[in-house]
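Participant: Below are the structure tokens for one structure; questions will follow.
The values are calculated or read from the model by the stated rules, or taken from the named source; none is laboratory data. Small disclaimer: the values here were computed from a predicted structure and weren't measured. Neighbour counts are summed over all protein chains in view; Cβ atoms, including those assigned to glycine, are modelled from backbone coordinates with ideal geometry.
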Amino acid sequence: MNYLVELSKIIGGALAGDEKAVSAYTELLSTKLEQSGDIKAADRLKELLKQKKPSKALQPSSLTRPIPVEKDNRFSLADKSEPRGNVVFMTENEQELINSFVRYINNKEKLAFAEIPINPTLLLYGPPGTGKSKLAANIAQRLDLPLVTARADALISSYLGSTSKNIRSLLEYAKEEPCVLFLDEFDAIAKARDDRNEIGELKRVVVSLLQNIDNLEDTVLVAATNHEHLLDPAIGRRFHYKIHMKNPEMGVREKLVRHLLRNFPLDENEYYLLAQVSKGMSGAEIEIIIHDYLREIIVEDKEVETTKILRRFIQAANPNISFDNENKPEEIKILRELDTEFFSGKIISQLWGISPSYVSKILKGIKHD
């Protein structure tokens, strides 16, 4: 049944006398109906919301009320966005795990009816640039929910006790707000309590965080960290789904390259070369290199040259490679030693614009003017 989640929330709120929940989920249902093309039904719900007489118990809709702020400096504790057009590239196993997480959330009413505990929480961990923030946005997009991204700089306060209060305030907001709450740089507030370098205040923060996560009920929570080894052991038990985000493998890199260059068609071999030469790079690094190159050629009104993108990838990974004619023999030998199979005579001749026979002579140690 479509919109079962929203209808269940509206009915539950009505039975409990929770006017905020009724208003919030009625507004959310109206938005989804409008997006699906059922304008008449959406307009009817909007009219009902306008006709409702305010009461002392009625508060502004949770969908429109402001995100809580840090008490002392008034900084917003999070940023809210509506992700659209977000694309992520993962292995089949990783994608299936995310699909399972989304299905789990979309079927939480069935689980509740069967009296199965619901805990829609996901922990993303791995090195920087592997797409943790993009994946959080992609999940929010698939669930058709806003993404509320916590600001670590605002959450963590120098005042005693304020950090715990900030965390509690934001998580309470997320309980009432239909959203995906994203806690980036999670290790900043969830460090292991046995860390001797941490003061007692931060240890109390972890206790507060654990207690508040336990009370989230069905709030969708996604946390991300570059340093999973720093997390408190008890944190892992709060997250039912976990994904180790890694630098993309060959197949994923090729999909990413094709996507980034989708408006500049290349032949199959060129996609392969770009994916191969970017081995060991994060998705973010690949994206930066290609986007920087595309910005230049678009501004200068030039055509895409695969060789020039290849050079940029090589130089990013090997700063000593300049493609300078003076150091040609030395640089060619360096590349050859890095990957004998990939940096064939044909590829090297393409990179420097010289003949394969000349490359062969260089590799044999024959010098030419």
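Participant: Just checking, how many residues over the range 293-308 are more than 11 Å from Leu351 (Cβ to Cβ) and assigned to a helix (DSSP H, G or I)? So that I can check it myself, show each step before the final result.
Facilitator: First, the residues of the range 293-308 that are more than 11 Å from Leu351 (Cβ to Cβ): 293-305.
Checking which are assigned to a helix (DSSP H, G or I) leaves us with 293-299.
Within the range 293-308, residues that are more than 11 Å from Leu351 (Cβ to Cβ) and assigned to a helix (DSSP H, G or I) number 7.
Quick grid of which residues meet (1) closer than 22 Å to Pro120 by Cα; (2) modelled with pLDDT of 90 or more; (3) under 20 Å from the mean Cα position of the chain (by Cα):
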position: Asn215; (1), (2), (3): yes, no, no
position: Thr219; (1), (2), (3): yes, no, yes
position: Asn226; (1), (2), (3): yes, yes, yes
position: Asp232; (1), (2), (3): yes, no, no
position: Gly236; (1), (2), (3): yes, no, yes
position: Tyr241; (1), (2), (3): yes, yes, yes
position: Lys246; (1), (2), (3): no, yes, yes
position: Glu249; (1), (2), (3): no, yes, yes
position: Glu254; (1), (2), (3): no, yes, yes
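Participant: Just one of (1) in contact (Cβ under 8 Å) with a residue 40 or more places away in the chain; (2) within 17 Å of Asp218 (Cβ to Cβ); (3) surrounded by fewer than 19 Cβ atoms within 10 Å (Cβ to Cβ) trips up Tyr173, so point out which.
Facilitator: Unmet condition: (3).
Participant: Could you please let me know if Glu337 is exposed (fewer than 14 other Cβ atoms within 10 Å of the Cβ), at pLDDT 85 or above and in a helix (DSSP H, G or I)?
Facilitator: In short, no.
Participant: Considering only residues that are within 13 Å of the chain's Cα centre (by Cα) and crowded, with 16+ Cβ neighbours inside 10 Å, look in the range 87-105 and name the one that is nearest to Asp214 (Cα to Cα). Write out each step before concluding.
Facilitator: Start the filter on the range 87-105 by keeping residues that are within 13 Å of the chain's Cα centre (by Cα), which leaves 87-90, 98.
This time we only want the ones that are crowded, with 16+ Cβ neighbours inside 10 Å, so: 88-90, 98.
Details: Val88: 29, Phe89: 31, Met90: 30, Ile98: 22 Å.
The residue in question is Ile98.
Participant: To continue, here is another question. Have a look at Leu216, Leu256 and point out the one that is under 22 Å from Ser133 (Cβ atoms) and outside any helix (DSSP H, G or I). Don't jump to the end; show me each part of the working.
Facilitator: Values: Leu256 fails: outside any helix (DSSP H, G or I).
Going through Leu216, Leu256 in turn, the sole match is Leu216.
Participant: Can you tell me which residue within the range 102-134, out of those that are in contact with a helix residue (DSSP H, G or I) (Cβ under 7 Å, 6 or more places away or on another chain) and in a helix (DSSP H, G or I), is modelled with the highest pLDDT?
Facilitator: Val102
Participant: Moving to a separate point now. For the list (1) within 17 Å of Ala223 (Cα to Cα); (2) surrounded by 17 or more Cβ atoms within 10 Å (Cβ to Cβ), I need the number of the one condition that Lys108 fails.
Facilitator: (1)
Participant: From the set of residues in the range 13-41 that are more than 31 Å from the chain's Cα centre (by Cα) and assigned to a helix (DSSP H, G or I), which is modelled with the lowest pLDDT?
Facilitator: Ala16
Participant: Conditions first: (1) surrounded by 12 or more Cβ atoms within 10 Å (Cβ to Cβ); (2) outside the structural domain of Lys203 (by TED's automatic domain parsing). Arg262 passes all but one, so which condition is the exception?
Facilitator: Status for Arg262: all satisfied but (1).
Participant: Still on this structure, please answer the following. Would you call Lys165 modelled with pLDDT of 90 or more and outside the structural domain of Ser36 (by TED's automatic domain parsing)?
Facilitator: On the way: modelled with pLDDT of 90 or more: no; outside the structural domain of Ser36 (by TED's automatic domain parsing): yes.
Considered against the rule, which asks whether it is modelled with pLDDT of 90 or more and outside the structural domain of Ser36 (by TED's automatic domain parsing), Lys165 comes out as no.
Participant: Here are Ile314, Ile286: which of them is part of a helix (DSSP H, G or I), under 28 Å from the mean Cα position of the chain (by Cα) and modelled with pLDDT under 95? Walk me through how you get there before you give the answer.
Facilitator: Working: Ile286 fails: modelled with pLDDT under 95.
Answer to the selection: Ile314.
Participant: Let me ask something else. Could you tell me whether any residue of the range 208-229 is of a type in the set (D, E, K, R), touching a Gly at 6+ places or on another chain (Cβ under 7 Å) and either surrounded by fewer than 21 Cβ atoms within 10 Å (Cβ to Cβ) or not assigned by TED's automatic domain parsing to the domain that holds Thr130 (or both)?
Facilitator: Within the range 208-229, the subset of a type in the set (D, E, K, R) is 214, 217-218, 228.
Restricting the remaining residues to those that are touching a Gly at 6+ places or on another chain (Cβ under 7 Å) gives none.
Looking for residues that are of a type in the set (D, E, K, R), touching a Gly at 6+ places or on another chain (Cβ under 7 Å) and either surrounded by fewer than 21 Cβ atoms within 10 Å (Cβ to Cβ) or not assigned by TED's automatic domain parsing to the domain that holds Thr130 (or both), one finds none in the range 208-229, hence no.
Participant: Looking only at residues in the range 262-283 that are under 13 Å from Phe313 (Cβ atoms) and not in a helix (DSSP H, G or I), which one is nearest to the chain's Cα centre (by Cα)?
Facilitator: Residue satisfying both the conditions and the ranking: Ser282.
Participant: I'd like the full set of residues that are assigned to a loop (DSSP other than H, G, I, E, B), among the acidic types (Asp, Glu) and modelled with pLDDT of 85 or more, limited to the range 168-194.
Facilitator: Across the range 168-194, the qualifying residues are Asp184, Glu185.
Participant: Next up: Restricting attention to the range 50-75, and to residues there that are hydrophobic (A, V, I, L, M, F, W, C) and surrounded by 14 or more Cβ atoms within 10 Å (Cβ to Cβ), which single residue is modelled with the lowest pLDDT?
Facilitator: Initially, the range 50-75 is screened for residues hydrophobic (A, V, I, L, M, F, W, C), giving 57-58, 63, 67, 69, 75.
Subsequent filtering for residues that are surrounded by 14 or more Cβ atoms within 10 Å (Cβ to Cβ) retains 63, 67, 69, 75.
Numbers: Leu63: 46, Ile67: 88, Val69: 87, Phe75: 85.
Among residues in the range 50-75 that are hydrophobic (A, V, I, L, M, F, W, C) and surrounded by 14 or more Cβ atoms within 10 Å (Cβ to Cβ), the one modelled with the lowest pLDDT is Leu63.
Participant: If you don't mind, another one. For the subset of the range 1-49 comprising residues that are touching a Ser or Thr at 6+ places or on another chain (Cβ under 6 Å) and of a type in the set (Gly, Ala, Ser), which member is surrounded by the most Cβ atoms within 10 Å (Cβ to Cβ)?
Facilitator: Among those residues, the one meeting the criterion is Ala24.
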